[in-house]
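Trainee: First the structure, then my questions, so here it is.
The values are calculated or read from the model by the stated rules, or taken from the named source; none is laboratory data. Predicted model only: the values in this text are computed from it and were never measured. Here the Cβ positions follow ideal geometry from the backbone for every residue, glycine too, while neighbour counts run over all protein chains shown. Quick note on the areas: whole protein, heavy atoms, side chains included, nothing else; ligands and nucleic acids left out. Shrake-Rupley method; radii C 1.70, N 1.55, O 1.52, S 1.80 Å.
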Amino acid sequence: MLTIKRVPTVLSNYQEDAAGCGRNCLGDCCLPRERFIPIYNFRQLPLYAFGNNKPLAAASQVDLPADFLLNTLLLGQWEDRMSQGLFRYDVTACETKVIPGGHGFIAQLNEGRHLKKRPTEFRVDRVLQPFDPSKFNFTKVGQEEVLFRFEAGEDDASRFFESASVDESVPPNVVAINVSPIEYGHVLLIPRVLESLPQRIDPESFLLALHMAHEAGSPYFRLGYNSLGAFATINHLHFQAYYLAMPFSVEKAPTKKIHINEELAKNGVKISKLLNYPVRGLVYEGGNNLKDLSDVVAQSCIFLQENNIPFNVLISDCGGRIFLFPQSYAEKQALGEVSQELLDTQVNPAVWEISGHMVLKRRNDYDDASEEYAWRLLAKVSLSRERFEEVESYIFEAIGVLKPEKYETETNVKEEASFQPPVAGPPTYPEGCLVIQ
């Protein structure tokens, strides 16, 4: 059995008091199990119903501004919880800079995430583990930490309801705050929260995450997923998401297109391989609709988790581009193959770090941050070339793509100028600029 010791990230204000109650949680103790559940915030919880079966380019909404989900609902509710003092620190006061160099890695000094506590032992050699109700899970968050429900609507139009009853026959998908935010608007998407699902990808939940990215309508709002063994510490199905008004370095990395068979190509999905990036990964994009794209990526993730390969996923470009990273950092750490210098920084390279957003907890690490450091850290995350090619072949077989003899080169570089910020939000930061908010 392989284990590592790390201080778990605190996602809820009730995480360290998981056994107690009397505080309006989402568990059986506080939610009466009736057909319609009348409860506190959950009773009157806002509902955003997204349109079903919309093509990727469509954004049909009924009397809703195009930026309603992100700027009005999500960020509005998030700022309301900030005003209530529910966060452990003010993330908007954290210093942020772009590390000089050709890749544009982003560094943030977040001393609030540094906890002077005894590390907890985590098993890192089992990607799939059964749900354990005795441990902290998202039914134990406070109802005040929940922002709104996010559900499929009955037609192609998106609608918003200020309050809606919860039908027990339809387990709710909820969006909740992360009380230890990495960035502005940092939230958790928790599919079918009351079903207590373990941290594992399934097609329905993955499609839900893509719908959230699509409805947000901003390339600066991304969703991420960490499997167990790849720095997920809560074994309850969830995605993370936040808003950062600058491109991630991985979004600008060049790619090589992979030739896929004609049958798979009919759904419009394109698969590429990352180039000139410290973490080897695959890029999925296109699709005739969100479900076409989602199904291919979900199948890839399911193969990885069923074969005990830890991985991280970044959902980018409003749900139109997805990065998949098999990784091995925790395994290398457990085997003593990571230098003490890297371990001392207490950076756990999960989806955000892999994508190029380095969250540093010590002032000296932030001041000394360099492209060489970021590359060295992320190179430890990556599978070796031989192992990646082996895993890649198995993924292609699982999704019906034969191992290609060659790759077609496509630069596919996302230029920073092509990113257009939404109406509201934090400013962008020029390279090398130190920002004190």
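Trainee: Inside region 81-103, can you point out the residues that are within 14 Å of ILE182 (Cβ to Cβ) and either open to solvent by 80 Å² or more (accessible area, probe 1.4 Å) or touching a residue at least 60 places away in the same chain (Cβ under 8 Å) (or both)? First the steps, then the outcome.
Mentor: First pass over region 81-103, keeping only residues within 14 Å of ILE182 (Cβ to Cβ): 87-96.
Scanning region 81-103 gives PHE87, ARG88, TYR89, VAL91, THR92, ALA93, CYS94, GLU95, THR96.
Trainee: Return the total of residues in region 247-288 being farther than 22 Å from ALA107 by Cα, in a loop (DSSP other than H, G, I, E, B), touching a residue at least 40 places away in the same chain (Cβ under 8 Å) and open to solvent by 50 Å² or more (accessible area, probe 1.4 Å).
Mentor: Residues flagged as farther than 22 Å from ALA107 by Cα, in a loop (DSSP other than H, G, I, E, B), touching a residue at least 40 places away in the same chain (Cβ under 8 Å) and open to solvent by 50 Å² or more (accessible area, probe 1.4 Å) within region 247-288 amount to 3.
Trainee: Output the residues belonging to region 374-415 that are at pLDDT 95 or above and assigned to a loop (DSSP other than H, G, I, E, B).
Mentor: Residues satisfying the conditions are LEU383, SER384.
Trainee: Moving on to the next point. Considering (1) open to solvent by 30 Å² or more (accessible area, probe 1.4 Å); (2) within 22 Å of PRO349 (Cα to Cα); (3) in contact with a strand residue (DSSP E or B) (Cβ under 8 Å, 6 or more places away or on another chain), say which one ASP292 fails and leave the rest.
Mentor: Of everything listed in (1) open to solvent by 30 Å² or more (accessible area, probe 1.4 Å); (2) within 22 Å of PRO349 (Cα to Cα); (3) in contact with a strand residue (DSSP E or B) (Cβ under 8 Å, 6 or more places away or on another chain), ASP292 misses just condition (2).
Trainee: Just a yes or no: is a residue in region 272-280 closer than 17 Å to ILE201 by Cβ and within 19 Å of the chain's Cα centre (by Cα)?
Mentor: The first filter runs over region 272-280 and keeps only residues closer than 17 Å to ILE201 by Cβ, leaving none.
Checking region 272-280: not a single residue is closer than 17 Å to ILE201 by Cβ and within 19 Å of the chain's Cα centre (by Cα).
Trainee: Please indicate, with yes or no, whether at least one residue in region 332-349 is within 17 Å of SER384 (Cβ to Cβ), touching a strand residue (DSSP E or B) at 6+ places or on another chain (Cβ under 6 Å) and surrounded by 24 or more Cβ atoms within 10 Å (Cβ to Cβ).
Mentor: no
Trainee: When you scan region 84-105, do you find a residue that is modelled with pLDDT of 55 or more and over 28 Å from GLU353 (Cα atoms), even just one?
Mentor: At the first step, the residues of region 84-105 found to be modelled with pLDDT of 55 or more are 84-105.
Subset that is over 28 Å from GLU353 (Cα atoms): 84.
Checking region 84-105: at least one residue is modelled with pLDDT of 55 or more and over 28 Å from GLU353 (Cα atoms).
Trainee: I need the full set of residues from region 130-186 which are open to solvent by 60 Å² or more (accessible area, probe 1.4 Å) and under 25 Å from TRP352 (Cβ atoms), in order please.
Mentor: LYS135
Trainee: Another one. Does region 28-43 contain any residue that is touching a Cys at 6+ places or on another chain (Cβ under 6 Å) and either modelled with pLDDT under 90 or on the phi < 0 side of the Ramachandran plot (or both)?
Mentor: If we filter region 28-43 for residues that are touching a Cys at 6+ places or on another chain (Cβ under 6 Å), which is where we start, we get 29.
Within this subset, residues satisfying the condition of being either modelled with pLDDT under 90 or on the phi < 0 side of the Ramachandran plot (or both) are 29.
Yes; the residues of region 28-43 include at least one that is touching a Cys at 6+ places or on another chain (Cβ under 6 Å) and either modelled with pLDDT under 90 or on the phi < 0 side of the Ramachandran plot (or both).
The rows are residues; the columns are (1) under 16 Å from the mean Cα position of the chain (by Cα); (2) not in a helix (DSSP H, G or I); (3) not aromatic (Phe, Trp, Tyr).
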site	(1), (2), (3)
ASP125	no, yes, yes
ARG149	no, yes, yes
PHE160	no, yes, no
SER163	no, yes, yes
VAL170	no, yes, yes
ARG200	yes, yes, yes
SER205	yes, no, yes
GLU215	yes, no, yes
PRO219	yes, yes, yes
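Trainee: Between a residue in region 190-208 that is in contact (Cβ under 8 Å) with a residue 24 or more places away in the chain and surrounded by fewer than 19 Cβ atoms within 10 Å (Cβ to Cβ) and any residue that is aliphatic (A, V, I, L, M) and in a helix (DSSP H, G or I), which pairs come within a Cβ distance under 6 Å, given they are 6 or more apart or on different chains?
Mentor: PRO203/ALA298
Trainee: Shifting gears a bit: Those residues that are open to solvent by 10 Å² or more (accessible area, probe 1.4 Å) and touching a Ser or Thr at 6+ places or on another chain (Cβ under 6 Å), I need them from region 308-322; list them, please. Please lay out each step first, then the result.
Mentor: First pass over region 308-322, keeping only residues open to solvent by 10 Å² or more (accessible area, probe 1.4 Å): 308-310, 317-318, 320.
Within region 308-322, just PRO310 meets the criteria.
Trainee: Counting only residues that are modelled with pLDDT under 90 and assigned to a strand (DSSP E or B), how many does region 106-123 have?
Mentor: Of all residues in region 106-123, those modelled with pLDDT under 90 come to 111-123.
Keeping just the survivors that are assigned to a strand (DSSP E or B) gives 120-123.
Going through region 106-123 one residue at a time, the tally reaches 4.
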